[in-house]
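J.: One structure is given below, represented as structure tokens, and several questions about it will come after.
The values are calculated or read from the model by the stated rules, or taken from the named source; none is laboratory data. Because the structure is predicted, anything quoted here is derived from the model rather than measured. In case anyone asks, the SASA skips ligands and DNA or RNA and just uses the protein heavy atoms, side chains included. Shrake-Rupley method; radii C 1.70, N 1.55, O 1.52, S 1.80 Å.
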Amino acid sequence: MSVDSTAPPEPGVVAALARLGDYVTPLALRVAVSIGVPDALAGGPLGAEQIADRVGAHPPSLLRVLRALSGSGVFHERERGVFALTPISELLRSDHPHTVRGMYQMSDVDVRAWSAFEVSVRTPGSGFEHVHGQDFWEYVATHEDYRAVHERDMWDMTERELEVVGFAYDLGGVRRLVDVGGGNGQFLAGLLTANPGMSGVLFDRPHVAPGAVPWLTESGVLDRCEVVGGDFFDSVPSGGDAYLLKRVFYDFSDEQVVRILSNVRSAMDPAGRVLVLDGVVRADNRWDPGKIHDLYVLGMGQGRCRTRAEMGALFAAAGLRLTRVAPTGIFPLVEGRLA
């Protein structure tokens, strides 16, 4: 496709570039969420001064933020200076049953890391480590406040994943599900609650796995679940007819992923399946969450997301075949079986 570089750009092209290059709106959105604007509007429309009084903000400044975010559909200015929630900001209320508020709050740790994203692109290192002097996981382990923020984000993400996975993939035939890298047990507890005929095994590092007992107990599913500590680079529990790896692969190299999958293959029933919930990068020009999350892990220095073909090659190297990619609207669920 040739472009006449001597002609003035089309207005629509300039507007599209302005939207793509806008880093102000994401920051304004996170500030509005952090100070509690969606919660302040939960009871109905309010004037900017009333909102400012409720959230502790400077009224003229907040008015400018609300006006700008209304232009992106986050809020709706019903009349001059009076704002209401939209379907977007409804999801940002803390009391909404499907809230994603935890993923859209301001974090100066992340903002400072993203200011050095060029480091992630120019070098094998990460902007996060360049700014903070530690890699992402070291920082999470040594900074309690940030660890709490990260865990809150993961909890919110897991809640959304539980809502969509059940619609995208039928787990009705699974008798024993092994959640490899199951963390605090939130996801496995949700799956066991939704599938009363299923038993589960939560498998994670020895110092992590016991932390899932309170969640499994509170959810009323501990009697159907084993909690096992170990290292998935060495082995995983045997006898499962389904092995789940949720948001595990993008943290590791290809060689490490093949090693994990090989251990799963050795442990699974002959008719079993592997279920991978992970970022999968589309091979076309369309927007998709996998491409964006791939940049997120690039900036944070955590790993990378893979295309379907790349994922299939990793399965094949472990003696498995990729049989299905079920879209969920967030990360797809990738199914593999014995080759």
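J.: Using the heavy atoms of the protein chains and a 1.4 angstrom probe, tell me the accessible area per residue for the stretch 175-303 in square angstrom.
T.: Roughly 43 Å² per residue, with all protein chains present.
J.: Divide by every residue of the chain the summed helix terms, -39500 (n - 2.57) for each DSSP H run of at least 4, and state the resulting mean residue ellipticity at 222 nm, rounded to the nearest 500 deg cm²/dmol.
T.: My calculation for the chain gives -13000 deg cm²/dmol from helical runs alone.
J.: Okay, moving on. Return one number: the angle in degrees, 0 to 90 and rounded to the nearest 10, between the long axis of the Cα atoms of helix 24-34 and the longest principal axis of the Cα atoms of the chain.
T.: 80
J.: If you line up the long axis of helix 59-70 against the longest principal axis of the chain, both from Cα atoms, how many degrees apart are they, to the nearest 10?
T.: 60
J.: Further, regarding this structure: At a 1.4 Å probe radius, carbon and sulfur cover how many percent of the accessible area of the chain?
T.: Whole-percent figure for carbon plus sulfur exposure: 56.
J.: How many Å³ per residue does the convex hull of the Cα positions in the stretch 97-216 occupy?
T.: Dividing the Cα hull volume of the stretch 97-216 by its residues yields 148 Å³.
J.: In sequence order, what are the phi-derived ³J(HN,Hα) couplings for the stretch 192-208 according to the Karplus relation 6.51 cos²θ - 1.76 cosθ + 1.60 with θ = phi - 60°, rounded to whole Hz, with x for glycine and proline?
T.: Residue by residue, the stretch 192-208 yields 5, 5, 6, 10, x, x, 9, 10, x, 10, 9, 10, 7, 4, x, 8, 9 Hz.
J.: Enter the accessible area per residue of the stretch 73-166 (Å², integer; probe 1.4 Å; all protein chains in place).
T.: Spelled out: the 1.4 Å probe surface of the stretch 73-166, per residue, equals 57 Å².
J.: Report, in degrees rounded to the nearest 10, the 0 to 90 angle that the Cα long axis of helix 254-267 makes with the longest principal axis of the chain.
T.: Tilt of helix 254-267: around 40 degrees.
J.: Please compute the Kirkwood hydrodynamic radius of the stretch 43-121 from all pairs of different C-alpha atoms, in Å with one decimal.
T.: 14.2
J.: Return P(r) of the chain (all Cα-Cα pairs; 10 Å bins starting at 0; whole %; ordered from short to long distances).
T.: 5, 21, 28, 25, 14, 6, 1, 0
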